[in-house]
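Since the structure comes first, as structure tokens, the remarks are kept for the end.
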Amino acid sequence: MPATSQQASCYSCFSFLDEARTRRGNAIAKELVALKDEPPLPAPYSGTSVPEKFTEKRVEFALEPRKAQVTFEDEKVKKADKADEPDIQQSSNSRWTLTDLVRRESSREAMDGEVVLSNYADYRRQKDFASACSLFSEDCIWSTLHEDIISGREALLDWMENEHREGRRNRAEQPWIRWETNPNMFWRECKVTFPSKATHEIMQTATVQNGLITRMVVEPKYPALRCAIRFAQERASTNDEFALDLMAEDVKWITWDGFRCKGKEGVRKLFRDQKGREVKREGTTEFEAAQVNEVGGVFTRDLLIERVDGIKVKTIQQVYVMGVLTEMDPVKLPNGETKTLWGMVPKIVEVRVLASEEMVDGKWVKCGTTTL
């Protein structure tokens, strides 16, 4: 029976749909073949370990990724301290020299500064210091918390490995933030335990150019800590006048044996007297903050004192720092005149030295059990 015009129309429609399905099927097949050759996608939250088992910590990670990242890092550091692991973990790159790693990094396209610093932080957490240093320029400069300068990539690698062996650990790390005024500069806050066993809150400032870190500056988060550290450095170097510059005009000093003096002149005379009657005055620990904020702080350290008369005492030195109104360098105005400026500068306002132990018959005795 011959087909009607309506049936012929239906047949042609079905034929068109069959051809469309065939073309779509061929296209999908080609896409699947292409996907086999593509590299796998990177894992999310690179550098952060999330347990496979769904726990409350994983929920915290999903809700507050930044806070949880610090929490995981703190726990990771605590476990590393307790475990008998090697000082520097052997990585897959341990057989490579620093030159090989630099060649590997330079073969890639110049990365954005945030990516470079994120990779640097990951390498440091993995104790892969060679890879971390490969992200620095050959003539890089690192300024430490104590204002020492490390110059060059090779010297920086030696310094990093030695600091780790001596006990330096990053306790908490914040993400890097780009400066608004300079796109090549970044900063972040950290809490670091140093080889001296003191833990400080610090701020790191990094400069990244052409995909490499050219400069890293480490500074105290609070200016009061810088004042205390510099005071300890000047006293250790017997630079009394520089130490006095860090003090307020009406500074107070109380010695371990009860002597009191006030004012810079009184402290200057005390320094001269100490040189005559003491054979040793040595800080056995570094100043550490008992309390610190933007306006000041209280810092303590252990101090060993030996006098010429044979008395030996272990003491605790307390330094009180606060902002003091101080005359600053004058500013020259456009009309040629100079104007005096005043600002709040951290100064030492009081020093107390408390005896904790005394050497008696060759043994250290708590001062609470004997009379000094």
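Taking segment 291-303, which residues are touching a strand residue (DSSP E or B) at 6+ places or on another chain (Cβ under 7 Å), assigned to a strand (DSSP E or B) and open to solvent by 30 Å² or more (accessible area, probe 1.4 Å)? Quick ask: steps written out before the conclusion?
Our first condition is that a residue be touching a strand residue (DSSP E or B) at 6+ places or on another chain (Cβ under 7 Å); within segment 291-303, this holds for 291, 295-303.
Within this subset, residues satisfying the condition of being assigned to a strand (DSSP E or B) are 291, 296-303.
Q291, V298, T300, D302, listed by residue number.
In segment 257-272, is there at least one residue being at pLDDT 95 or above, acidic (D, E) and more than 33 Å from the chain's Cα centre (by Cα)? Scanning segment 257-272, I find at least one residue that is at pLDDT 95 or above, acidic (D, E) and more than 33 Å from the chain's Cα centre (by Cα), so the answer is yes. Return yes when I213 is out of contact with any Phe, Trp or Tyr (no Cβ under 7 Å at 6 or more places or on another chain) and either among the β-branched types (V, I, T) or assigned to a strand (DSSP E or B) (or both) and no when it is not. Answer is no for this residue. Kindly evaluate E306 against the criterion of being among the charged types (D, E, K, R) and surrounded by fewer than 16 Cβ atoms within 10 Å (Cβ to Cβ). So E306 fits the description; yes. Among the residues here, M322 qualifies as modelled with pLDDT of 95 or more, assigned to a strand (DSSP E or B), aliphatic (A, V, I, L, M) and in contact with a Gly (Cβ under 6 Å, 6 or more places away or on another chain).
Would you point out the residue of segment 314-370, among those that are more than 22 Å from A290 (Cα to Cα) and of a type in the set (F, W, Y), that is surrounded by the most Cβ atoms within 10 Å (Cβ to Cβ)? Applying the filter and picking the extreme gives W364. Does K275 fit the bill of being assigned to a helix (DSSP H, G or I), charged (D, E, K, R) and either surrounded by 11 or more Cβ atoms within 10 Å (Cβ to Cβ) or on the phi > 0 side of the Ramachandran plot (or both)? In short, yes. Residue count for segment 229-263 under the criterion of being assigned to a helix (DSSP H, G or I), open to solvent by 70 Å² or more (accessible area, probe 1.4 Å) and more than 16 Å from E147 (Cβ to Cβ): the result is 1.
Contact annotation: residue pairs with Cβ atoms under 9 Å, 6 or more positions apart or on different chains, pairing a residue in segment 143-156 that is under 15 Å from I213 (Cβ atoms) and of a type in the set (S, T, Y) with a partner that is at pLDDT 95 or above and surrounded by fewer than 14 Cβ atoms within 10 Å (Cβ to Cβ), are S143/I149; S151/D139. In summary, T340 fulfils each of the numbered conditions (1) among the β-branched types (V, I, T); (2) farther than 16 Å from D257 by Cα; (3) at pLDDT 90 or above with the single exception of condition (3). Within segment 187-209, the presence of at least one residue that is on the phi > 0 side of the Ramachandran plot, open to solvent by 40 Å² or more (accessible area, probe 1.4 Å) and basic (K, R) is confirmed. Tell me which residues, restricted to segment 278-290, are open to solvent by less than 50 Å² (accessible area, probe 1.4 Å) and within 14 Å of L303 (Cβ to Cβ). Hits for segment 278-290 are E278, G283, E286, F287. Which is loosely packed, with under 14 Cβ neighbours inside 10 Å, among the hydroxyl-bearing types (S, T, Y) and over 16 Å from the mean Cα position of the chain (by Cα), of S151, S134? Just a single option satisfies the conditions, and that option is S151. Of I213, I202, all but one fail to be of a type in the set (V, I, T), under 26 Å from V324 (Cβ atoms) and touching a residue at least 24 places away in the same chain (Cβ under 8 Å); the exception is I202.
The values are calculated or read from the model by the stated rules, or taken from the named source; none is laboratory data. Model, not experiment: these values are computed from the prediction. Don't worry about glycine lacking a Cβ; one is built from the backbone with ideal geometry, like all the others, and counts go over all protein chains shown. Just the protein is used for accessible areas: all its heavy atoms, side chains included, with ligands, DNA and RNA removed. Shrake-Rupley method; radii C 1.70, N 1.55, O 1.52, S 1.80 Å.
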